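Right, one structure below, let's go through it.
The values are calculated or read from the model by the stated rules, or taken from the named source; none is laboratory data. Keep in mind that this is a model prediction, so the values were computed, not measured. For neighbour counting, all protein chains shown are included, and Cβ atoms are generated from backbone atoms with ideal geometry for every residue, glycine included. Each accessible area value is taken on the protein alone, full model and side chains, heavy atoms only, with ligands, DNA and RNA left out. Shrake-Rupley method; radii C 1.70, N 1.55, O 1.52, S 1.80 Å.
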Amino acid sequence: MHQRQLFLQHMAQTSPAPMALEVERAEGVWLYDRQGKRYLDLIAGIGVSNVGHRHPKVLAAIQHQLDRYLHVMVYGEYVLSPQVALAKAIAETLPGGLHQVYLVNSGSEATEGAMKLAKRFTGRTELISCAQAYHGSTQGSLSLMGDEYFKQAYRPLLPNTQLIRYNDHASLDFISSQTAAVFVETIQGEAGLRVASKEWMKALRKRCTDCGTLLVLDEIQAGFGRTGTFWAFEAYEIMPDIVLMAKGMGGGMPIGAFAASVSIMQCLSYEPVLGHITTFGGHPVSAAAALATLHLIKEQQLNLQALRIEQQFHNGLKHPKVIELRSAGAMMALELGSWDLVQACIQLALEKGLITDWFLFCNTALRIAPPLTMTEEEANWAIQTLLECLEQLPS
Ligand SMILES: Cc1ncc(COP(=O)(O)O)c(C=O)c1O
């Protein structure tokens, strides 16, 4: 039986129409299928491969750790140098005393851990998030999702959750002294790339402070250089109480984390002890890969490459069918105005060897989130290919 048939037969399917690209290998911005056809990966596995696929420095760090040890104990009991070095390096990127990092395996787990931490620290239960927010797909993180379609089949979810509108000043009044935390994506990704104003972010910070509510910024998609600064919140001149990270963090390996101050984080160590438990969180190989990734982004200033890529796309992607190109660094959404046009464009691009995608809560726009290592020439090829696709779309 062919791989594709086995995939459909034995792997749990999450949609009736998976892309089913048969990947043979990956390198830099390129994926190669079993027939040897290459595809430029314009979505980086949904914002994961910020340093490109199989970056040699990430591979070297993984190899180095493979020769020492793999999993040896559940999170937090042994002193494991890849975890310690990573936590220290992350803390150094975070201003404002966010000195402790809890390492997990994914973005959803980072959200879950932060939800528990906020409830435990404040002694409150209400959690607020935004319309069109995506913080993960586990039951807790799903409770924060800002879209009913994806939630309704799984209710009842967590009680005492509320949605407010992103970037809306009047909504801030819903935050009260009952609210444990407000979870916000610094830049909304699955909403089709929505950027909050500085004024709103500052007002949100102030309202949280006034109410004794923790501000949790989800940087799972926007962090690690993607938007032009190492953390997207740096552009807003505000400090969150908890930061969530994953995706681009691991250089292609599974890892996530939530960071907070010592005074907040210490709540997880008493009443009850072991306030959050994970067997594999911060796996030493993933931690080593993440540390190499962090160093790469810092040393090569890949955040500035994100800005260069953004500029190149704004300059080059001019076409009558483009309604708008929304962007925050190399996190972009090409608005075409209809689901049919988006689907046709994704298909055409795939045939030409270019991988794009749509957004969970915005099916009228194309996702553009390439590796930040993409060269000018590669970006130019992607832009020209997209222009060809747009030209071929029905009017
Ligand atoms: C902003 C945001 N938060 C959380 C998540 C969940 O991360 P994961 O899929 O690793 O659980 C995602 C994943 O797309 C995300 O984009």
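Structure data summary
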read-out	value
Some residue of region 217-226 being among the β-branched types (Val, Ile, Thr) and assigned to a loop (DSSP other than H, G, I, E, B)	yes
Conditions (1) within 16 Å of the ligand (Cβ to nearest atom); (2) buried (at least 24 other Cβ atoms within 10 Å of the Cβ); number of the one not met by LEU163	(2)
Residue pairs meeting the criteria (Cβ under 8 Å; at least 6 apart or on separate chains; first touching a residue at least 40 places away in the same chain (Cβ under 8 Å) and of a type in the set (A, V, I, L, M), in region 3-26; second part of a strand (DSSP E or B) and open to solvent by less than 80 Å² (accessible area, probe 1.4 Å))	LEU21/LEU31; LEU21/ASP33; LEU21/TYR39; LEU21/ILE355
Helices (runs of 4 or more DSSP H) contained in region 245-331 and holding at least 3 residues open to solvent by 30 Å² or more (accessible area, probe 1.4 Å)	284-299, 302-316
Some residue of region 372-390 being more than 25 Å from ARG226 (Cα to Cα), open to solvent by 30 Å² or more (accessible area, probe 1.4 Å) and assigned to a helix (DSSP H, G or I)	yes
All positions within region 43-62 that are out of contact with any helix residue (DSSP H, G or I) (no Cβ under 9 Å at 6 or more places or on another chain) and open to solvent by 30 Å² or more (accessible area, probe 1.4 Å)	ARG54, PRO56
Residue in region 186-209 that is assigned to a loop (DSSP other than H, G, I, E, B), touching a Lys or Arg at 6+ places or on another chain (Cβ under 9 Å) and more than 16 Å from the ligand (Cβ to nearest atom) present	no
Residue check for GLU234: within 16 Å of the ligand (Cβ to nearest atom) and surrounded by 15 or more Cβ atoms within 10 Å (Cβ to Cβ)	no
Residue in region 132-146 that is farther than 30 Å from ALA292 by Cα and open to solvent by 40 Å² or more (accessible area, probe 1.4 Å) present	yes
Unique residue being open to solvent by 10 Å² or more (accessible area, probe 1.4 Å), away from the ligand (no atom under 12 Å from the Cβ) and under 17 Å from MET115 (Cβ atoms) when the list is PRO240, PRO156	PRO156
Flag if GLN178 is in contact with a strand residue (DSSP E or B) (Cβ under 9 Å, 6 or more places away or on another chain) and open to solvent by 30 Å² or more (accessible area, probe 1.4 Å)	yes
Number of the exception - PRO82 against (1) away from the ligand (no atom under 16 Å from the Cβ); (2) surrounded by fewer than 22 Cβ atoms within 10 Å (Cβ to Cβ); (3) modelled with pLDDT of 95 or more	(2)
Test set (1) part of a helix (DSSP H, G or I); (2) farther than 20 Å from LEU117 by Cβ - ASP168 fails condition number	(1)
Residue list for region 19-42, filter: in contact with a strand residue (DSSP E or B) (Cβ under 7 Å, 6 or more places away or on another chain), open to solvent by 20 Å² or more (accessible area, probe 1.4 Å) and in a loop (DSSP other than H, G, I, E, B)	LEU21, GLU22, ARG34
Criterion (within 16 Å of the ligand (Cβ to nearest atom) and out of contact with any His (no Cβ under 9 Å at 6 or more places or on another chain)) met by exactly one of VAL72, VAL104, VAL48	VAL48
Output for region 58-93, where each listed residue is among the charged types (D, E, K, R) and either in a loop (DSSP other than H, G, I, E, B) or not assigned by TED's automatic domain parsing to the domain that holds VAL104 (or both)	ASP67, ARG68, GLU77
Inter-residue pairs, beta-carbon under 8 Å, first within 18 Å of GLY107 (Cα to Cα) and in region 142-158, second among the basic types (Lys, Arg), 6+ apart	LEU142/LYS151; SER143/LYS151; MET145/LYS151
Conditions (1) loosely packed, with under 12 Cβ neighbours inside 10 Å; (2) outside the structural domain of GLY329 (by TED's automatic domain parsing); number of the one not met by ALA12	(2)
